[in-house]
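Quick notes on the structure that follows.
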Amino acid sequence: MNDLLKEYQERMFNISAYELAVTTVNLDSQTIAPPKGSDYRNDRLAYLAGELYSLQTDERLFVLIKELIDRDDTNQDIKKILYWQLKNLENMRCIPKDFYVEYSKLQMESQQNWETAKRNNDYGLFAPYLEKIIVMTKKILEYRQGELKGYDILLDDYEPGMNTEKYDKFFDLIREKLVPLIQKINHSPQIDDSFIYKNYPIYKQKIMMNKILEYIDFDFAAGVLLESEHPFTESISKYDNRITTHYYENNLISSMYSVIHEAGHANYNYSVRDDIAQTFCFNNMSSGMHESQSRLFENYLGRNYHFWDNLFPTLKELFPEQLAQTDQDKFIRAVNKVTPSLIRTEADELTYPLHILIRYEIEKGLFDGSIETKDLENIWNAKYKQYLGLTVPNAAEGILQDVHWSDGSFGYFPTYALGSSYAAQFMQAMSKDLDIDKCLAENEFSLLKKWLREHIHQYGGLYSPQQQIEIACGEKYNPQYYIDYLINKYSALYNL
Ligand code: ZN
């Protein structure tokens, strides 16, 4: 190993030590830490975050990365890792430090005000902060001088290679093909899912969660399931994956599907190749790629009939009275039921992309100047009427429902729908090599994970999403797989 590489790796080790501390404290705050200790924790956390920022943006690290990229004796995979890291660093460094600090402060204030506004159901409390966040985000886009402009910069941040033109085509397809299908379903006899909302004691739900994790071959020595307000995954390292869920006594499936979803995220990081796992590319997968793996677990596998061949008997044993009238067939129909609803995170698989389409259209309008912040709430409500046929009764169930805009995460939403569509294509490719239903029915979930590891997970974030799709599927990204999957599945379910 040459001296430059050695120096680079030492610096990266130091950075990872700070990252470990910051992530662990954050995770602790969101799960088990007592609320009264938050001021003490947050002050120290802010200090650590500042130190981390200094280490990450240090001029020497920047120089080392550039020199290593230029050297002929640098290994090709390391060059790829350095390329992604350099891209990330350049985006950070072009923003003046004073501005960065001011923006970070605004993000925290804005998020707090969003929470208050949501609790009080009053968009007016949040609107001025959102306005400021948008103004400052536009300023950041000015600092980010490069080939890309405006909203495209943000889209590319979350999903390298994506831009307005490509997303427009994707969402056109969704608008054109899925809206009529949903309308047809709305006029069809509806599936009875009332059993889902009976009383399911949480201690029994927890037993079920362990059964599900065992079935999907979750490595309990390298991961743990915790509880939090909103489910999430934090992969501290390859062998330290934390997933969380939220239990509801009157909902049988909410927690189960969030666990399957988060386990999909965790499994991605868990399966990254050892020589990549301790580098920048352990966790720089695009948002769409990461979401493709969680949705693949949750929807494509978890809502498959055969996923439950081994698990449904356990579910029935745990809840004999609640499920007395429910067989596996009725259960599967219920977990796949389509109903237009107000809240994105509770949406079914088919109406979900419309929630994203609405947010995409609004974000695009905000950044091309065709939508003003003061009109946002009305525009939001009008789009829910237009696409989902729903009247939004209040801001908390409307424009205030998501946290994303409060901290300036514009460009993130579209990756949720895109990830679902990647998953359809990955499933198609996997089905050429494996009998997926058979693997599920015969308790061979590990075979599916092996396929995902070999074709996708092992590489971490080494490749762009487009390259990764070609590696796994042998062809370019094609959203038609997603559309076909949804049309076939739901036409059959609703006898259309
Ligand atoms: Zn997710």
Going through 469, 436, 487 one at a time, which residue ends up being open to solvent by less than 10 Å² (accessible area, probe 1.4 Å) and either in contact with a helix residue (DSSP H, G or I) (Cβ under 7 Å, 6 or more places away or on another chain) or of a type in the set (Val, Ile, Thr) (or both)? 469
Out of the residues in segment 218-253 that are away from the ligand (no atom under 16 Å from the Cβ) and among the acidic types (Asp, Glu), state the one that is surrounded by the most Cβ atoms within 10 Å (Cβ to Cβ). 240
For segment 269-279, how many residues meet the condition of being under 19 Å from the mean Cα position of the chain (by Cα) and buried (at least 23 other Cβ atoms within 10 Å of the Cβ)? 2
It is to be established whether one or more residues within segment 116-123 are among the small types (Gly, Ala, Ser), in contact (Cβ under 8 Å) with a residue 24 or more places away in the chain and in contact with a helix residue (DSSP H, G or I) (Cβ under 9 Å, 6 or more places away or on another chain). yes
Residue 383 vs. criteria assigned to a helix (DSSP H, G or I) and buried (at least 17 other Cβ atoms within 10 Å of the Cβ): yes
Scan segment 157-168 for residues that are touching a residue at least 60 places away in the same chain (Cβ under 8 Å) and assigned to a helix (DSSP H, G or I) and report the count. 4
Condition met for residue 425 (open to solvent by 40 Å² or more (accessible area, probe 1.4 Å), under 20 Å from residue 295 (Cβ atoms) and either in contact (Cβ under 8 Å) with a residue 24 or more places away in the chain or assigned to a loop (DSSP other than H, G, I, E, B) (or both)): no
In the set 256, 289, 285, which member is within 16 Å of the ligand (Cβ to nearest atom), farther than 21 Å from residue 413 by Cα and modelled with pLDDT of 95 or more? 256
Look through 40, 53 and report the one residue that is surrounded by 15 or more Cβ atoms within 10 Å (Cβ to Cβ), of a type outside the set (Val, Ile, Thr) and out of contact with any Leu (no Cβ under 9 Å at 6 or more places or on another chain). 53
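Per-residue answers, yes or no, for (1) out of contact with any Phe, Trp or Tyr (no Cβ under 8 Å at 6 or more places or on another chain); (2) away from the ligand (no atom under 16 Å from the Cβ):
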position: 343; (1), (2): yes, no
position: 356; (1), (2): no, no
position: 366; (1), (2): no, yes
position: 379; (1), (2): yes, yes
position: 408; (1), (2): no, yes
position: 417; (1), (2): no, no
position: 420; (1), (2): no, no
Working only within segment 259-282, note down all residues that are in contact with a Phe, Trp or Tyr (Cβ under 9 Å, 6 or more places away or on another chain), among the aromatic types (Phe, Trp, Tyr) and within 16 Å of the ligand (Cβ to nearest atom). 270
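To keep it simple, each residue is scored yes or no on (1) touching a strand residue (DSSP E or B) at 6+ places or on another chain (Cβ under 7 Å); (2) among the aromatic types (Phe, Trp, Tyr); (3) on the phi > 0 side of the Ramachandran plot; (4) free of Cβ contacts under 8 Å to residues at least 60 places away in the same chain.
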position	(1), (2), (3), (4)
382	no, no, no, yes
387	no, yes, no, no
395	no, no, no, no
399	no, no, no, no
417	no, no, no, no
421	no, no, no, no
Which ranges mark the helices (runs of 4 or more DSSP H) fully within segment 217-314 that have 3 or more residues being among the polar types (S, T, N, Q)? 254-270, 287-295
When residues of segment 485-496 are filtered for being part of a helix (DSSP H, G or I), in contact (Cβ under 8 Å) with a residue 12 or more places away in the chain and under 24 Å from residue 172 (Cα atoms), how many remain? 6
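The values are calculated or read from the model by the stated rules, or taken from the named source; none is laboratory data. Since we're looking at a predicted model, the values are computed, not measured. All Cβ positions, even for glycine, are placed from backbone atoms using ideal geometry, and neighbour counts span all protein chains on display. The protein model used for the area step is the full one, side chains on, heavy atoms only, and it has no ligands, DNA or RNA in it. Shrake-Rupley method; radii C 1.70, N 1.55, O 1.52, S 1.80 Å.
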